[in-house]
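The values are calculated or read from the model by the stated rules, or taken from the named source; none is laboratory data. Quantities reported herein were computed from a predicted structural model and do not represent experimental measurements. For neighbour counting, all protein chains shown are included, and Cβ atoms are generated from backbone atoms with ideal geometry for every residue, glycine included.
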Amino acid sequence: MRRQLRPALLAVVIFTLICGLAYPLAVTAIAQLGWSGRADGQLVERDGTVIGSELIGQQFTSPEYFQVRPSAAGDGYDATASSGSNFGPSNEEYLDLVAERVVAYRVANGLGDGALVPVDAVTASGSGLDPHISVRNARLQAPRVAAARGVDVAEVMAAVDEHTTDRPLAVLGDPGVNVLLVNLALDDMIGE
């Protein structure tokens, strides 16, 4: 038994050092050398203070800001409770919640009762922390944002266009608008 135990323990120690220590340190070092901003979470700073991340959504509630999609993470955009709702499309509670969100979205953005609402405006993402909204969602919110800021809607639309990202790898998903970045751009352009 000792003959078998010694090589097994040695293998555990060696693979723990390689896979649990050397490999993570090497990958971290390469990431920090080549892509330090991305490796650190693409943090956004203002006046030396971190105010968010380009990769994690955060909630905006004032009418002069674009609104993110709903979150199922904790009490809303709680990064420590990242998850989806796990409700299926036939769940009555979920359907009622989506219907309430549709009405609230239409009211908040001054849309008529028959106006189509983008799905990302009323459903949470799988992580519950999605920082992007669809271009259609942003365009529907633009008149409200412009009115609340007292500026022409064309200025807001220009900021949306400037902060629209292409499809990843040119084939995956849809173009999106990073809510934090477009809101900060509007603050910089128009003033808070």
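Here the helices (runs of 4 or more DSSP H) wholly within region 104-192 that include at least 2 residues being among the charged types (D, E, K, R) and crowded, with 16+ Cβ neighbours inside 10 Å are 135-149.
Looking across GLU92, GLU64, GLU100, GLU54, one residue alone is charged (D, E, K, R), loosely packed, with under 15 Cβ neighbours inside 10 Å and within 25 Å of the chain's Cα centre (by Cα). It is GLU100. Of the residues making up region 1-32, just one is among the aliphatic types (A, V, I, L, M) and within 28 Å of LEU184 (Cα to Cα), namely ALA31.
Among the residues that make up region 74-89, is at least one of them more than 23 Å from ASP166 (Cα to Cα) and at pLDDT 90 or above? Within region 74-89 (the criterion being more than 23 Å from ASP166 (Cα to Cα) and at pLDDT 90 or above), the answer is no, since none of the residues qualifies.
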